[in-house]
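The next block holds one structure in the form of structure tokens; read it before the comments.
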Amino acid sequence: MTADGKCDPKDAAEYRQTLENTLKEPKKGMPLRMKQVLQALKSEAGVKACGGTATTPPPLPKRLPPLIKLLTSKVPDLYKPAVASTVFPALGAHLHGVKFRYWDNVEHEATFMNVLIGRQSVGKGSIKKPIDYIMEDIKQRDAPNRQREAEWKKKNPSGKQNKDPRPADICIQMLIDDLTDAVFNQRIVDVNNNGQRYIYTIVDEIDSLKKVTSKNSIDVVGLLIRKAFDNSLAGQERVGADSVSGIAPLRWNFNASTTPTNARKFFYKMVNDGTLGRLDISTIIKKTDDSSPRPVIGIYDDKFAEELKPYIDRLEAASGLILCPQAKRLSLDIANENDDVCRLYESEAFRILSYRANVIAWLKGMVLYIAHGYRWDKTIADFVRWSSQYNLWCKMLYFGKQLEKELREEMEIQRQSGPQNLLELLPDEFTKEQYQLMRQTQGREGDGESTLRTWATRGHIVFDEVSNCYCKTEEYKLKYSKKE
């Protein structure tokens, strides 16, 4: 213990090891407080598994791909990781008719749904200017289409006989956050029929996403997120002459911001149903004792727009199936590394979230590959690796504890779903300590001595006094053991 009353790193490590070792000690039961401490350690380990520390995310690479360097050039260092992550929904919206093939041969499109989480007044608005400049060409392209649609509606009011056909080439990509089901579905069909493009939404608060359809429902937002990531079919079929009817693959990218409390509240029922894993989560964390100067945002001007234009033009010009062997190889390496990390930290939440975090990071790499003229280099590779770690770190920080809890409950339900032969969970030779540890991991109370006596009486096991171990009998193994 140091003079100021704090625990030094050596003592903290020893304390942590002592707590974790309690799992290996035979006992009749574990105190509730001890269980809570160990579960907290496991949640913290899940966060650390993503790189960084329990309070600090993985640092942004020092050398960035030129496009990311440009897009983050006007914001202070505090905001650079968030901006580097949040620009991809807008960048992806410029791709149309483009597909990528992942290492498992499943094809994906450039779907990015980013949620920026941070406390109030922390500077979440810093992401807006880069996104505005990225989306400027789409905004200009949408304007005449909105005007044409308004004129068509004026000439063809509801109930009019012999309506003029709605122009088939109307395509509006940027959506406001207050729509009806009919408008949302019309936009889905329009962008698909005009080059397999994306619709895009940006909202200041995650709760506003409920307004993209008439249902105003969190559950509907969750369903749309799951469909959009996989580009599943969406839309509606109606028989009325005035009704919007059509079904098309859902291509929807969005940016949303919120606070930690609202994020947990909004996604409370979606942490363990596949919705969370499909999101790209970013954050801004400013320490309460931070005495650094107040952040100042740089000026976005015509020079910035001119430097950005070549990258946007390359994205707009891309088409078809695009392959990048280096990206494919890297994504497989990261998948294997994540498996190793999962085993090391024993975090089931990390394992589940890592699958799609890797896909999202790989998709970012593919977008950068196109934007840089189909060139791959170390800066893109390092950024992809960081993106996977950063996304996972943010998810584990804000949702890891809840996900770990729900996964434990699932395992408990499965464990209790039917009778289980505890002896089959043990090796052919086992010590009493191994037996008691097995009981503990299965949630069994007591020391289990009576069970050992029952097994011995029935001829299932014998005790070897030389090795001080219990051994399964040949009769038991012939009758009960699972055949290989």
* Karplus-derived 3J(HN,Hα), 6.51/-1.76/1.60, for each residue of region 163-174, Hz, glycine and proline x -> 5, 5, x, 5, x, 6, 8, 5, 9, 10, 9, 7
* Asked: Is region 237-358 best put as rounded, prolate or oblate by its Cα gyration tensor, with a ≥ b ≥ c the root eigenvalues, rounded for a/c under 1.5, and otherwise prolate when a/b is larger than b/c, oblate when not?
  -> rounded
* Can you list residues whose amide H is under 5 Å from residue 461's amide H, if they're 5+ apart or on another chain and H is modeled 1.01 Å from N? -> 456, 473
* Structure fact -> For region 44-410, the charge dipole (Cβ of Lys, Arg +1; Cβ of Asp, Glu -1; about the Cα centre) points to a positive end, and the Cα of 156, 263, 185 closest to that extreme belongs to 156
* Asked: Which aspartates and glutamates does residue 479 reach when only Cα atoms under 18 Å apart count, and residues fewer than 8 places away in its own chain are ignored?
  -> 424, 428, 429
* Return the aspartates and glutamates within reach of residue 163: Cα separation strictly under 20 angstrom, same-chain partners fewer than 8 residues apart disregarded; answer none if there are no such residues. => 149, 151, 190, 237, 242
* **Neighbourhood net charge (13 Å Cβ-Cβ; Lys/Arg +1, Asp/Glu -1) for residue 343** => -4
* Derived scalar couplings ³J(HN,Hα) [region 389-395; Karplus, 6.51 cos²θ - 1.76 cosθ + 1.60; whole Hz; x for Gly, Pro] -> 5, 5, 4, 5, 4, 5, 5
* Can you pull out the trypsin sites (Lys or Arg not before Pro) in region 77-185 that DSSP calls coil and that have at most 11 other Cβ atoms within 10 Å? -> 160
* Asked: Extension gain residue 474-residue 230, at 0.36 nm per residue separation less the Cα-Cα distance, in nm?
  -> 82.7 nm
* To do: May I ask for the distance between the Cα centers of region 297-359 and region 109-169, given as a whole number of Å?
  => 26
* Please turn the phi angles of region 307-319 into ³J(HN,Hα) values with the Karplus equation 6.51 cos²θ - 1.76 cosθ + 1.60 (θ = phi - 60°), one per residue in order, whole Hz, x for glycine and proline. => 5, 6, 3, x, 5, 5, 4, 5, 5, 5, 7, 5, 7
* **Net lengthening on full extension, residue 453/residue 425 (0.36 nm per residue, minus Cα-Cα)** => 8.3 nm
* **Long-range amide H partners of residue 99 with built H, under 5 Å** => 320, 321, 322
* Kirkwood-type radius of region 44-410, with distances r between different C-alpha atoms, in Å -> 21.3
* Under a 5 Å amide H to amide H cut-off, with H placed in plane at 1.01 Å, what residues pair with residue 205 once short-range neighbours are removed? -> 257
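Coordinate-derived values only; no laboratory data. No experiment lies behind these values; they were computed from the predicted model shown. Here Cβ is always computed from backbone atoms with ideal geometry, including for glycine, and neighbour counts include all displayed protein chains.
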